[in-house]
Amino acid sequence: MKNKALLVSRLSTAVNVLKDLLAENSYEVENVVSDTKSALEYANDTVYDIVVINAPIEDSSGVDLSIKISRETVCGVVLLVQSDKAGFVGKTVVDYGVVVVPKPINKMLFKQSLGVVRAAQKRYAGLSKENERLKSTIEEAKIINRAKLLLMQYLSLSEDRAHKYIEKQAMDMRISKIEVARQILKTYVSIDL
């Protein structure tokens, strides 16, 4: 399966070379643009696996664009710059997860850079998934705790008894504790209205 790529380059002569290099590494260039505005529109509207910026572009050095895309999207970002600027630019963008590749492009270095981006994206996706799971767990705990408070308030149960009540209802009804808690909220919150 090919990964989706957005290519940002003002030089039409470089586009075909970069398309070929990306294709050799399982990337399919879906769109090619030459300016910051278009690049941001595409990057925000479509989920790309990678955005390759061949700097400089029409309206900027490409550095700010690489940072902005890296901060605002889940795309991996590779910034191609002249070799004499690679060290300085690399220090500027490294904290944003942008990978800098010096030009002229060394095929092996480019391939390794794509591998680094791919590995970082997989790690990011795993962390993002774990983060969502934790958010969901916290949200469920809040709902269950609110239900326990309502049971304590309206049925004069201790916290421990309210907890056991929710667990027993879940077991008896063969539903989750969160579903029991939501039913409790529906029942007792309507009393306050």
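If we scan region 126-137, do we find a residue that is within 30 Å of F88 (Cα to Cα) and either assigned to a loop (DSSP other than H, G, I, E, B) or free of Cβ contacts under 8 Å to residues at least 24 places away in the same chain (or both)? For region 126-137, residues within 30 Å of F88 (Cα to Cα) and either assigned to a loop (DSSP other than H, G, I, E, B) or free of Cβ contacts under 8 Å to residues at least 24 places away in the same chain (or both): present.
Picking from K177, K129, which residue would you name as being buried (at least 16 other Cβ atoms within 10 Å of the Cβ) and out of contact with any Leu (no Cβ under 9 Å at 6 or more places or on another chain)? Write out each step before concluding.
On the way: K129 fails: buried (at least 16 other Cβ atoms within 10 Å of the Cβ).
Being buried (at least 16 other Cβ atoms within 10 Å of the Cβ) and out of contact with any Leu (no Cβ under 9 Å at 6 or more places or on another chain) holds for just one of K177, K129, which is K177.
Taking region 150-193 only, how many residues are of a type in the set (A, V, I, L, M, F, W, C) and without any contact (Cβ under 8 Å) to a residue 12 or more places away in the chain? Before you say what the answer is, go through the steps one by one.
Within region 150-193, the first condition is being of a type in the set (A, V, I, L, M, F, W, C), and the residues that meet it are 150-152, 155, 157, 162, 166, 170-171, 173, 175, 178, 180-181, 184-185, 189, 191, 193.
From what is left, the residues that are without any contact (Cβ under 8 Å) to a residue 12 or more places away in the chain are 152, 155, 157, 170-171, 173, 175, 193.
Of the residues in region 150-193, 8 are of a type in the set (A, V, I, L, M, F, W, C) and without any contact (Cβ under 8 Å) to a residue 12 or more places away in the chain.
For the structure I just gave you, tell me whether L114 is part of a helix (DSSP H, G or I), out of contact with any His (no Cβ under 9 Å at 6 or more places or on another chain) and farther than 30 Å from D20 by Cα.
Numbers: part of a helix (DSSP H, G or I): yes; out of contact with any His (no Cβ under 9 Å at 6 or more places or on another chain): yes; farther than 30 Å from D20 by Cα: no.
No: the conditions fail for L114.
Here's the yes/no breakdown for (1) closer than 27 Å to A43 by Cβ; (2) among the hydrophobic types (A, V, I, L, M, F, W, C):
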site: V93; (1), (2): yes, yes
site: N106; (1), (2): yes, no
site: G115; (1), (2): yes, no
site: A120; (1), (2): yes, yes
site: R123; (1), (2): yes, no
site: R133; (1), (2): yes, no
site: K148; (1), (2): no, no
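All conditions but one from (1) at pLDDT 95 or above; (2) under 23 Å from S26 (Cβ atoms) apply to A147; the one that does not is (2). For region 140-193, the set of residues classified as hydroxyl-bearing (S, T, Y) and over 39 Å from the mean Cα position of the chain (by Cα) consists of Y154, S156, S158, Y165, listed by residue number. Where strands (runs of 3 or more DSSP E) fall entirely within region 1-110, those with at least 1 residues that are buried (at least 16 other Cβ atoms within 10 Å of the Cβ) and polar (S, T, N, Q) are at 3-9, 27-33, 50-54.
The values are calculated or read from the model by the stated rules, or taken from the named source; none is laboratory data. If you're wondering where the values come from, they're calculated on a predicted model, not measured in any experiment. Backbone-built Cβ (ideal geometry, glycine too); neighbour counts: all protein chains shown.
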